[in-house]
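Comments concern the structure below.
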Amino acid sequence: MKNFLFTTFFFLFQFSLLFAQKNSGLVLPSHTMVVLVAEAKGVQIYSSQPQIGKKSSFEWKLTAPKALLFDKSGKQIGKHYSGPSWELNDGSKITTMLPPIAKVEQKTAIPWLLLKVKSHEGKGLLSNVQYVIRVATLGGLPPKKAPSKKNQCSKISYRATYLFLAKTTQSF
């Protein structure tokens, strides 16, 4: 029974990876496998900044995400915050590089991304993760109305699915 469950979960993770590649336009790194799928629920925090070359005009700039991470059963397993960083309750933490390796714009939500991990902390599920993919985004875009002054803040609700990929020697 344990072998059946392991095999089932393994194929579900690989299906998630194939879904992300086929439906997102993201080209995924070879020799990787999904080790975790997490649903994020939180906010994208924007602050107003002067537009370059226009002292009296302002625009929204992303300051940081702030979200909780949930597994498929709805259990909170960690958090996502500035860095961008992801930290699980097991003590493992990763931070990725910006800009992303790949970015696919969405009309009504924040873009889908492929990010490369630049640092690891702690031991746990994220210890061997090399890439993070953000897909299935909902919301999170900056306000449509431009800010009227400097240092305004806007928190916009968003949801996303994050796929955490580790290197493998096998190709699927």
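The values are calculated or read from the model by the stated rules, or taken from the named source; none is laboratory data. Treat the numbers as computed from the prediction; the structure is a model and nothing was measured. Every residue, glycine as well, gets a Cβ built from its backbone with ideal geometry; the counts of neighbours run over all protein chains shown.
Checked against the criterion of being exposed (fewer than 14 other Cβ atoms within 10 Å of the Cβ) and in a loop (DSSP other than H, G, I, E, B), the candidates Lys123, Lys118 yield just one match: Lys123. One residue stands out among those in the range 137-154 that are of a type outside the set (A, V, I, L, M) and surrounded by 14 or more Cβ atoms within 10 Å (Cβ to Cβ): the one that is farthest from Glu105 (Cα to Cα), which is Gln152. Counting only strands (runs of 3 or more DSSP E) wholly contained in the range 37-96, the ones carrying 3 or more residues that are at pLDDT 95 or above and either among the acidic types (Asp, Glu) or farther than 17 Å from Leu125 by Cβ (or both) occupy 54-70.
A quick yes/no check of all residues on (1) under 20 Å from the mean Cα position of the chain (by Cα); (2) within 26 Å of Gln49 (Cβ to Cβ); (3) of a type outside the set (Lys, Arg); (4) part of a strand (DSSP E or B):
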position	(1), (2), (3), (4)
Gln130	yes, no, yes, yes
Val135	yes, no, yes, yes
Lys144	no, yes, no, no
Ile156	yes, yes, yes, yes
Leu165	yes, no, yes, yes
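Of the residues contained in the range 60-76, none is found to be farther than 27 Å from Pro147 by Cβ and β-branched (Val, Ile, Thr). The residues in the range 24-63 that are without any contact (Cβ under 8 Å) to a residue 24 or more places away in the chain and either touching a helix residue (DSSP H, G or I) at 6+ places or on another chain (Cβ under 9 Å) or within 21 Å of Ala136 (Cβ to Cβ) (or both) can be counted, and the count is 0.
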